[in-house]
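Colleague: The structure is given below, and queries will be raised subsequently.
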Amino acid sequence: MKQALLYEGKAKQIYATENPNQVIMYYKDDATAFNGIKKSVIAEKGRLNAAITNHLFAYLSENGVPTHLIEQLNEREQLCHNVEIFPLEVIIRNIAAGSITKRLAVVEGTSFTQPIFELCYKNDDLGDPLINDDHAIALGLITAEQLAQVKALTLKINTLLQARFDEIGIDLVDFKIEFGKTTTNEIVLADEISPDSCRFWEQTTARKLDKDRFRQDLGDVTQAYEEILARLLG
Ligand code: UDP
């Protein structure tokens, strides 16, 4: 079923299938941080992120969010619609952590009065710089109409994910998602939603259950990812 390797990123590989409208996404154990400067392997990460993404994309899809996911094929592979990814990292921040604490001198853990919607231009050479809506449109990365759809979907995804994680005792601090355009011009959620791309804090203890354990050398990285999956599967 899996054919030529089309693309290899830091954490995943994309393979062609016999159907040009479908691809297979393979989740690796490789981990990078700080724009690729810190590199390692996190045991079982690929399997855990595939399972977490599968669960969350199914939940979002049941609640009216279109996604690229067709089906989970095995522990590390998902069959997906072949989409053209917008070169944008779409970020939502509910609680201050990471880069915004430095950029705007906000104390980590501060709750924002409303979710902050951010865009970064996906460009490794530039270090994925923060841009605004006008930059994205004027650079031709996305149209104004598409961006309005992306923003509405992102805010809906945030509301749905916050509710889902609240049920399992976890605060959704922030997250990064990506969108793609199908061959029929539909905008769909793509890529992954996992502890690699979100910050999850345990409500009772403020324990970090995400990639910050790797970034900050906090230890027990695999255990944190396992904990997220176990709680989601209940
Ligand atoms: N994020 C991501 N990929 C990136 C950059 C950020 O998945 O290349 C996620 C990150 O895990 C966090 C959110 O986006 O959940 C906001 O990240 P931030 O801008 O604070 O950057 P960081 O401090 O992670 O470099």
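The values are calculated or read from the model by the stated rules, or taken from the named source; none is laboratory data. This is a predicted model, so every value here is computed, not measured. Ideal geometry is used to build each Cβ from the backbone, glycine not excepted, and the neighbour counts take in all protein chains shown. Note: areas computed on protein heavy atoms with side chains; ligands, DNA, RNA excluded. Shrake-Rupley method; radii C 1.70, N 1.55, O 1.52, S 1.80 Å.
Colleague: Using a 1.4 angstrom probe and counting only protein chains, how large is the accessible area of GLU8 in Å², to 10?
Modeller: 90
Colleague: Taking square-rooted eigenvalues a ≥ b ≥ c of the alpha carbon gyration tensor, is the chain rounded, prolate or oblate, where a/c under 1.5 means rounded and, failing that, a/b exceeding b/c means prolate?
Modeller: Note, shape of the chain comes out rounded.
Colleague: Let me ask something else about it. What figure in square angstrom, to the nearest 10, would you give for the accessible area of LYS122 with a 1.4 Å probe?
Modeller: LYS122 has an accessible surface of roughly 70 Å² with all protein chains in place.
Colleague: Let me check something: with ligands and nucleic acids excluded, how do HIS68, HIS135 order by accessible area (1.4 Å probe), largest to smallest?
Modeller: These residues rank, largest area first, as HIS135, HIS68.
Colleague: Can you list the residues, at least 5 places off or on another chain, whose amide H is less than 5 Å from the amide H of LYS12, using H built in the peptide plane?
Modeller: LYS28
Colleague: If you don't mind, there's one more thing I want to ask. To the nearest 0.05, how large is the calculated FRET efficiency for GLU71 and ASP220 if R₀ is 25 Å and r is the Cβ-Cβ distance?
Modeller: Once rounded, the FRET efficiency stands at 0.20.
Colleague: First measure r as the distance between the Cβ atoms of ALA206 and GLU186, then evaluate 1/(1 + (r/R0)^6) with R0 = 41 Å and state the FRET efficiency to the nearest 0.05.
Modeller: Step by step, r from the Cβ atoms, then E = 0.55.
Colleague: Right, another one. Taking a threshold of 25 Å on the Cα-Cα distance, which of the pairs LYS102/LYS156; LYS45/LYS122; LYS38/LYS151; LYS10/LYS211; LYS102/LYS211 fall above it?
Modeller: LYS102/LYS156; LYS38/LYS151
Colleague: Still on this structure, please answer the following. When Lys and Arg each count +1 and Asp and Glu each count -1, what net charge do the other residues less than 13 Å away from ASP166, Cβ to Cβ, add up to?
Modeller: -1
Colleague: Mind grabbing the accessible area of PHE57 for me, 1.4 Å probe, Å², rounded to tens?
Modeller: Accessible area of PHE57: about 0 Å².
Colleague: Okay, moving on. Counting helices only, and only those DSSP H runs with n ≥ 4, report the 222 nm mean residue ellipticity of the chain as the sum of -39,500 (n - 2.57) divided by its residues, in deg cm²/dmol to the nearest 500.
Modeller: Rounded to the nearest 500, it is -9000 deg cm²/dmol.
Colleague: Can you give the accessible area per residue of segment 168-234, in Å², using a 1.4 Å probe?
Modeller: Each residue of segment 168-234 exposes 38 Å² on average to a 1.4 Å probe.
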